[in-house]
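Here's the structure we're looking at; comments come further down.
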Amino acid sequence: MSRQELLSPEGLRVDGRRANELRRISCRASVLNSADGSSYYEQGNTKVLVAVYGPREPRTKSLAQHDQAAVNVEFNVAPFSTSERRKRSKGDKRLLEIASFVKQTFEGAIQTTVYPRSQIDIYIHLLQHDGGTLETCINAATLALVDAGISMVDYVCACTAGFIDETPVLDLNFVEESSIETPDLTVAVLPRSGNIALLQMESRLHSSKLEDVLELATEGCKHIHKKLDQAVLEAASELAKKLS
């Protein structure tokens with residue numbers, strides 16, 4: 001698919017959005033009773049379920065660190081998440097890569113020194129895939145960690161942006177990010193400080209365009225932060241009603 005097809009002359013994308021529009025976001029915390037924290041997160045047609053366990057005793061002594069918690073991330077994809085049904089092995093390179101990015105992101109955001117000699121497990125399940133997998137996983141994990149009461153320096157909010165036909169575009173869907181002509185940049189931000197927790201690019205982007213794409217993705221993160229904060233407040237309100 002060419003760039004011209006991805007962006008119409010009227011400035012509309014394949015799903016009808018403007019260049020600077022996010023996909024519809026729907027999210028909830030405390031969706032699993034068995035986990036210490038959990039979340040369900042939708043961004044467009046990408047849907048993710050996250051469960052957090054811990055801090056708890058490490059499964060093996062080799063994982064224990066005397067001065068901080070170990071963060072473990074496991075990422076799995078449901079066989080029905082795409083039209084092509086296939087089961088991925090745990091050693092799948094792409095699964096391990098996404099889990100590694102999420103782990104790196106939260107090792108800097110979680111106050112791990114508060115929980116020495118313990119382990120925090122983040123289990124991520126991709127239920128439906130329509131682009132923006134990494135950003136969706138990070139946002140869903142943030143919500144689940146807050147739900148679990150894990151101490152963090154701030155929320156971590158992530159968003160993608162790219163460049164189509166000389167136009168910066170926000171929150172790429174599957175069709176857009178699958179195009180070899182569309183650079184794909186994922187940014188994770190700590191909203192209060194504005195510090196970048198993750199910057200990951202799937203393809204080449206000219207340095208002259210990087211600032212515009214980065215600025216657009218950062219702006220998207222601010223809107224996502226509001227959605228996550230609203231979900232946390234709603235979960236807290238529901239808990240207060242149950243306890244009263």
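The values are calculated or read from the model by the stated rules, or taken from the named source; none is laboratory data. Note that the coordinates shown come from a computational prediction; the quantities given were computed from them, not determined experimentally. Glycine gets a Cβ as well: all are built from the backbone with ideal geometry, and neighbour counts include every protein chain shown. Side chains are part of the model used for accessible areas, which takes the heavy atoms of the whole protein and leaves out ligands, DNA and RNA. Shrake-Rupley method; radii C 1.70, N 1.55, O 1.52, S 1.80 Å.
Filtered by the rule that a residue be among the small types (Gly, Ala, Ser), at negative phi and in contact with a helix residue (DSSP H, G or I) (Cβ under 7 Å, 6 or more places away or on another chain), region 123-179 gives Ala141, Ser151, Ala158, Ala161, Gly162, Ser179. Among the conditions (1) surrounded by 21 or more Cβ atoms within 10 Å (Cβ to Cβ); (2) out of contact with any Ser or Thr (no Cβ under 7 Å at 6 or more places or on another chain), Ile138 misses just one, which is (2).
Within region 39-79, the set of residues being under 22 Å from Ile25 (Cβ atoms) and open to solvent by 50 Å² or more (accessible area, probe 1.4 Å) comprises Asn45, Lys47.
Taken over region 150-168, the residue count meeting the criterion of being more than 18 Å from the chain's Cα centre (by Cα) and modelled with pLDDT under 95 is 6.
Among the residues of region 130-149, the ones that are in a helix (DSSP H, G or I), under 10 Å from the mean Cα position of the chain (by Cα) and either modelled with pLDDT under 95 or farther than 15 Å from Cys221 by Cβ (or both) come to 1 in all.
Against the conditions (1) closer than 27 Å to Gly37 by Cα; (2) outside any helix (DSSP H, G or I), Val169 satisfies every one except (1). When the residues of region 211-233 are filtered to those that are over 25 Å from Thr167 (Cβ atoms) and open to solvent by less than 50 Å² (accessible area, probe 1.4 Å), the one that is nearest to the chain's Cα centre (by Cα) is Leu228. Among the residues of region 180-227, those identified as among the hydrophobic types (A, V, I, L, M, F, W, C), out of contact with any Ser or Thr (no Cβ under 6 Å at 6 or more places or on another chain), in contact (Cβ under 8 Å) with a residue 60 or more places away in the chain and under 22 Å from Gly108 (Cα atoms) are Leu190, Cys221, Ile224.
Give the residues of region 198-210 that are at pLDDT 90 or above and open to solvent by 40 Å² or more (accessible area, probe 1.4 Å), sorted by residue number. Step through it out loud before you land on a result.
Here is the first cut: in region 198-210, the ones at pLDDT 90 or above are 198-200.
Across region 198-210, the qualifying residue is only Leu199.
Every listed requirement among (1) within 26 Å of Phe106 (Cα to Cα); (2) open to solvent by 10 Å² or more (accessible area, probe 1.4 Å); (3) outside any helix (DSSP H, G or I) is met by Glu177 save one, (3). Taken over region 1-38, the criterion of being open to solvent by less than 40 Å² (accessible area, probe 1.4 Å), among the hydroxyl-bearing types (Ser, Thr, Tyr) and either modelled with pLDDT of 90 or more or outside any loop (DSSP other than H, G, I, E, B) (or both) is satisfied by Ser38 alone.
Confirm whether Asp171 is of a type in the set (D, E, K, R), open to solvent by less than 40 Å² (accessible area, probe 1.4 Å) and under 23 Å from Leu143 (Cβ atoms). Criteria met by Asp171.
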